[in-house]
Amino acid sequence: MSRRFSLLKLIRPVFILLSSLILTVGHAHEFPQNSAQIILRDGQVEVRLLIDIDDWQTILSDPSAWLTGETDLLLTQADLSSDALNDKLAEYLAGAIELKLEQEALVFMSESYQAYETGHEDEAGQGLVEFRLSAQHAFARPKGLSVQFPASLASVLVSVVQPQYGLIKAGGEKVFALQ
């Protein structure tokens, strides 16, 4: 009997360890719910954020998240039921996102932030909202960009795009160099 008990004492920790490893590996390849595309154009930067709005609103309306500093914006029930909620969130993002080009902080233009209901849902059926913000810059060929999003957004999958332009005459061909 004591031998069986010893074997069970040994198997239990091994089983727990293997179970936790399997769960960790299973979540290692999941992508964040939120994504951003940063588009660098001549004289302008545009940030397009696709946000799982339901999860984000849950975090922003949690008083304990605000008290612990997880977020610096606390939404009330009146905010959550307001028709202007997405406008308020877009204004918050414009002030909370830190975007630097060539180590120079850029300021989002006050009329440049907008929110769009996408009509799409993520895998869990959550609503997605796209926020668009833009800022001006004076760099002809920027080499470095840094961005920081508010912690309340959790992880954000980011892609940076720098479009190339060229005129292709009728029947002509243009070769674009890709980096």
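The values are calculated or read from the model by the stated rules, or taken from the named source; none is laboratory data. Computed from a predicted model, the values in this text were never measured in an experiment. Note that each Cβ is placed from the backbone with ideal geometry, even for glycine, and that neighbours are counted across all protein chains shown.
Which members of region 136-168 meet the condition of being among the hydroxyl-bearing types (S, T, Y) and either within 30 Å of L73 (Cα to Cα) or buried (at least 16 other Cβ atoms within 10 Å of the Cβ) (or both)?
Of the residues in region 136-168, the ones among the hydroxyl-bearing types (S, T, Y) are 146, 152, 155, 159, 165.
Correct list: S146, S152, S155, S159.
Out of all the residues in region 126-158, which are closer than 18 Å to E46 by Cα and under 10 Å from the mean Cα position of the chain (by Cα)?
So the first thing to find is which residues in region 126-158 are closer than 18 Å to E46 by Cα, and the list is 129-150, 156-158.
Answer for region 126-158, where residues must be closer than 18 Å to E46 by Cα and under 10 Å from the mean Cα position of the chain (by Cα): Q148, F149, P150, V156, L157, V158.
Go through (1) loosely packed, with under 13 Cβ neighbours inside 10 Å; (2) in contact (Cβ under 8 Å) with a residue 40 or more places away in the chain; (3) among the charged types (D, E, K, R) for D55 and report which single condition fails.
(1)
Would you mind listing the strands (runs of 3 or more DSSP E) fully within region 100-179 where at least 1 residues are modelled with pLDDT of 90 or more and in contact with a Leu (Cβ under 9 Å, 6 or more places away or on another chain)? Even if it seems obvious, please write down each step before you answer.
On the way: elements: 114-121, 127-136, 145-148, 156-161.
It comes to 127-136, 145-148, 156-161.
Given the conditions (1) at pLDDT 90 or above; (2) of a type in the set (F, W, Y); (3) surrounded by fewer than 17 Cβ atoms within 10 Å (Cβ to Cβ), which single one is not true for Y92?
With respect to (1) at pLDDT 90 or above; (2) of a type in the set (F, W, Y); (3) surrounded by fewer than 17 Cβ atoms within 10 Å (Cβ to Cβ), Y92 is out only on (3).
Which one of these is outside any loop (DSSP other than H, G, I, E, B) and touching a Leu at 6+ places or on another chain (Cβ under 7 Å): L73, L89, L93? So that I can check it myself, show each step before the final result.
Details: L73 fails: outside any loop (DSSP other than H, G, I, E, B); L89 fails: touching a Leu at 6+ places or on another chain (Cβ under 7 Å).
Only one candidate passes the filter, namely L93.
Residue by residue, here is whether (1) in contact (Cβ under 8 Å) with a residue 60 or more places away in the chain; (2) closer than 29 Å to L40 by Cα holds:
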| site | (1), (2) |
| --- | --- |
| S61 | no, no |
| A65 | yes, no |
| T76 | no, no |
| A96 | no, yes |
| L106 | yes, yes |
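Pull up region 58-70, narrow it to residues that are of a type in the set (G, A, S) and in a helix (DSSP H, G or I), then point me to the one that is surrounded by the fewest Cβ atoms within 10 Å (Cβ to Cβ). Reasoning before the result, please.
Within region 58-70, the subset of a type in the set (G, A, S) is 61, 64-65, 69.
Then keep just the ones that are in a helix (DSSP H, G or I); that gives 64-65.
Details: S64: 7, A65: 18.
Only one residue tops the list, namely S64.
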